[in-house]
Amino acid sequence: MAMTKALVLSMILLAVDIGAAAGDVQPVYDLRAARRTTLADIVPELIGNRIIVVGEQHTDEGHHRAQQRVIQALHEAGARLAVGLEMFRKTSQDALDRWVAGDIPPQEFEKIFRDNWGYPWPVYRPIFEYARAARVPMLGLNVPREITRQVARGGFQSLTEDQRGQLADVACRIDEEYMRYIRSVYGAHAHGNMNFTFFCEAQMVWDNAMAVHALDYLATRPDATVVILTGVGHARKGAVPRQIRLRSPIPVAVLLPEVPGSIDPGTTDRRDADFLLMDLK
């Protein structure tokens, strides 16, 4: 049985290697130097960061392929990686550990994924399969969905004592800079009929939780690096990276996927990210 499991994992890893070989030449735009380069060229610099935030549009397969290439390139360069996930609640950590260890069947894990996240499993599956085959730890960074929904409806102050207890060190302190950021990214009407302050507080709980949980993991692992996979609204420097910066001086890098017309060299600068992952099809 153990031999069969090892053989299956080896086949997955081989398949991923072949499929992601283009990662060596994944085009990248360096927003700081205003020039095109490649993923292979920036890997040595990326390894110097403790946290690397890689954004996505949740249903875009090209974005997820690029995320996998980043993870694989860092892993093959010798980084001691963990992959932090917006898609999973921290309370689902045991399932993630069992997945990486090869102790949970794919069909069972897919159900757990769907319970945690509302977007299609197939577009995420190659990332999870690579982590399982390469034994890269995966971390649930999010908070229970009912908590963020409650904050969006009634504000952070509406949470019960039990709900606040589930948040541990996760804080909700919004300021004018954060509210301007939320308005610039999501637009004045993105919150629909919600109170805009409550909408900002819900986003802050989300951003702060991912920052806190990633930093907690690193606190006892001084040589580790966490790659955080999250939506572009959370990945920009004004969101999760800012919450990390307010809590810790550790180096953080931000990579966003190119989205022509909204996230590209003409519309995005180093205030938003360090690099753009280009030509994602």
Hits in region 124-180 - residues which are of a type in the set (A, V, I, L, M) and in contact with a strand residue (DSSP E or B) (Cβ under 9 Å, 6 or more places away or on another chain):
Ile127, Ala131, Ala134, Val136, Met138, Leu139, Leu141, Val143
Need the failing condition index for Val136 against (1) in a helix (DSSP H, G or I); (2) closer than 21 Å to Arg65 by Cα; (3) out of contact with any Ser or Thr (no Cβ under 8 Å at 6 or more places or on another chain), just the number.
(1)
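Listed here are the residues, each with its yes/no results for (1) under 21 Å from the mean Cα position of the chain (by Cα); (2) over 25 Å from Glu56 (Cβ atoms).
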{"position": "Gly140", "(1), (2)": "yes, no"}
{"position": "Val143", "(1), (2)": "yes, no"}
{"position": "Gly165", "(1), (2)": "no, yes"}
{"position": "Asp169", "(1), (2)": "yes, yes"}
{"position": "Ile174", "(1), (2)": "no, no"}
{"position": "Gly187", "(1), (2)": "no, no"}
{"position": "Ala224", "(1), (2)": "yes, no"}
Pull out all pairs, ordered by first then second residue, where Cβ-Cβ is under 6 Å, the residues are six or more apart or on different chains, the first lies in region 139-167 and is touching a residue at least 60 places away in the same chain (Cβ under 8 Å) and under 17 Å from Met210 (Cα atoms), and the second is among the polar types (S, T, N, Q) and part of a helix (DSSP H, G or I).
Gly140/Ser92; Gly140/Gln93
Could you tell me which residue of region 85-97 is surrounded by the most Cβ atoms within 10 Å (Cβ to Cβ), considering only residues that are of a type outside the set (A, V, I, L, M) and in contact with a Gly (Cβ under 8 Å, 6 or more places away or on another chain)?
Glu86
When you scan region 113-138, how many residues do you find that are buried (at least 18 other Cβ atoms within 10 Å of the Cβ) and free of Cβ contacts under 8 Å to residues at least 24 places away in the same chain?
0
Inter-residue pairs, beta-carbon under 9 Å, first on the phi < 0 side of the Ramachandran plot and acidic (Asp, Glu) and in region 248-269, second surrounded by 11 or more Cβ atoms within 10 Å (Cβ to Cβ) and assigned to a strand (DSSP E or B), 6+ apart:
Glu258/Pro27; Glu258/Tyr29; Glu258/Leu276; Glu258/Leu277; Asp264/Tyr29; Asp264/Leu276
Just a yes or no: is a residue in region 138-156 over 19 Å from Met204 (Cα atoms) and at pLDDT 95 or above?
yes
Mind counting the residues in region 105-131 that are assigned to a helix (DSSP H, G or I), touching a Ser or Thr at 6+ places or on another chain (Cβ under 7 Å) and closer than 16 Å to His58 by Cβ?
2
Of residues in region 48-72 being closer than 15 Å to Pro122 by Cβ and polar (S, T, N, Q), the one surrounded by the fewest Cβ atoms within 10 Å (Cβ to Cβ):
Thr59
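The values are calculated or read from the model by the stated rules, or taken from the named source; none is laboratory data. Keep in mind that this is a model prediction, so the values were computed, not measured. Cβ: placed from backbone, ideal geometry, glycine included. Neighbour counts: every protein chain shown.
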